[in-house]
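Inspection log for the structure reproduced underneath, given as structure tokens.
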Amino acid sequence: RTGTAVITGASSGLGLATAKALAESGKWHVIMACRDYLKTARAARAAGMPKGSYTIVHLDLASLDSVRQFVNNVRQLDMPIDVVVCNAAVYQPTAKEPSFTADGFEMSVGVNHLGHFLLARELLEDLKASDYPSKRLIIVGSITGNTNTLAGNVPPKANLGDLRGLASGLNGAGSAAMIDGAEFDGAKAYKDSKVCNMLTMQEFHRRYHEETGITFASLYPGCIATTGLFREHIPLFRLLFPPFQKYITKGYVSEEEAGKRLAQVVSEPSLTKSGVYWSWNNNSASFENQLSEEASDTEKARKVWELSEKLVGLA
Ligand code: NDP
């Protein structure tokens, strides 16, 4: 049968390109989980996604109520849920002050990590219930949160420290808008959130892979320098970043190619190994990449899991 994949943040960039690649394969129905219904409807039409190959369901990851509502709404659709892709993200590299989600969490970690954490935990039940032969939960990671790479060593580096900010709710009281309790830095908050994404994927793998057979994976699709992710960066950066990635670092990848890579992680029969962080080389062949020391710290993964459970009301 046709598989059904939920993709968050499918209104632009990587999420849209992945939704398109899956819809066009004819093997997938895509649930586009997005905060802006009209924008998503226009984007799907403009991308030429076949009619009937997708359903748009509202999801604002900056609100835990919206996440719960989304879960209720997709259950009403009466479709199985076979694959979940946590892709949406915000990046606020020029923000001087933190902004906050409806529940009072610093925005980058609130949306990229905590919103997805609740979503993934809730949809785990639906994945378990699906009879699809290869069920997967995929969380999009990033090289920037990975300090064992060149790109991951550009300051400010990701560092979750002793998690004191997360433990006190990331609500900006005192110095607690950052996971490590340090002063607010928007670029670092994004990288920290990506480390949480990669830790979460591994903790899911350790807790649930054997029992459920679900594949838990993360990936770095390459530097997609043209997406909306960089919308809040200064204009000069936005002008120079794509050619810099294309000609200097050679890490550049088009949205279309990156979408094909993520679509592979969703559906390729050869990519069923669980607990893996996928990357691609210049010839677009996938390989199992190494995570940084912090992103593969099992003790930290457990602590982030437990603190996150408390913050999203699961414990
Ligand atoms: P885009 O900005 O193009 O896409 C981000 C998506 O997230 C948009 O659909 C956006 O919705 C959505 N989103 C943002 N906030 C929320 C929210 N509160 N609730 C629901 N959806 C939300 O960026 P990319 O396509 O580049 O990013 C996709 C993923 O790829 C991210 O996880 C990013 O970290 C990762 N990534 C990107 C790289 C790159 O070089 N671009 C490299 C490595 C990883 P809306 O359209 O409404 O704004």
I'm checking my understanding of the structure. Among residues of segment 290-315 that are farther than 19 Å from residue 219 by Cα and outside any helix (DSSP H, G or I), which one is most open to solvent (accessible area, probe 1.4 Å)?
315
Failed item in (1) touching a helix residue (DSSP H, G or I) at 6+ places or on another chain (Cβ under 6 Å); (2) open to solvent by less than 30 Å² (accessible area, probe 1.4 Å); (3) within 16 Å of the ligand (Cβ to nearest atom); (4) of a type outside the set (D, E, K, R), with residue 28 passing the rest
(3)
Residues that are part of a helix (DSSP H, G or I) and away from the ligand (no atom under 12 Å from the Cβ), drawn from segment 76-108:
76
Complete set of residues in segment 52-65 that are open to solvent by 20 Å² or more (accessible area, probe 1.4 Å), out of contact with any Ser or Thr (no Cβ under 8 Å at 6 or more places or on another chain) and either among the hydroxyl-bearing types (Ser, Thr, Tyr) or part of a loop (DSSP other than H, G, I, E, B) (or both)
52, 54, 55
Do you know which of the residues in segment 226-270 that are touching a helix residue (DSSP H, G or I) at 6+ places or on another chain (Cβ under 6 Å) and more than 19 Å from residue 20 (Cβ to Cβ) is farthest from the ligand (Cβ to nearest atom)?
238
So which pairs qualify, if the first residue must be in segment 39-67 and more than 13 Å from the ligand (Cβ to nearest atom), the second must be part of a strand (DSSP E or B), the Cβ gap must be under 6 Å, and the two must be at least 6 apart or on different chains?
54/30; 54/32; 55/31
Looking at the structure I just gave you, is residue 210 assigned to a helix (DSSP H, G or I), more than 30 Å from residue 27 (Cα to Cα), without any contact (Cβ under 8 Å) to a residue 12 or more places away in the chain and not hydrophobic (A, V, I, L, M, F, W, C)?
no
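The values are calculated or read from the model by the stated rules, or taken from the named source; none is laboratory data. In this text, all values refer to a predicted model and were calculated from it rather than measured experimentally. Please note: Cβ atoms are built from the backbone with ideal geometry, for glycine as well, and neighbour counts cover all protein chains shown. The area values use the complete protein model at the heavy-atom level, side chains included, leaving out ligands, DNA and RNA. Shrake-Rupley method; radii C 1.70, N 1.55, O 1.52, S 1.80 Å.
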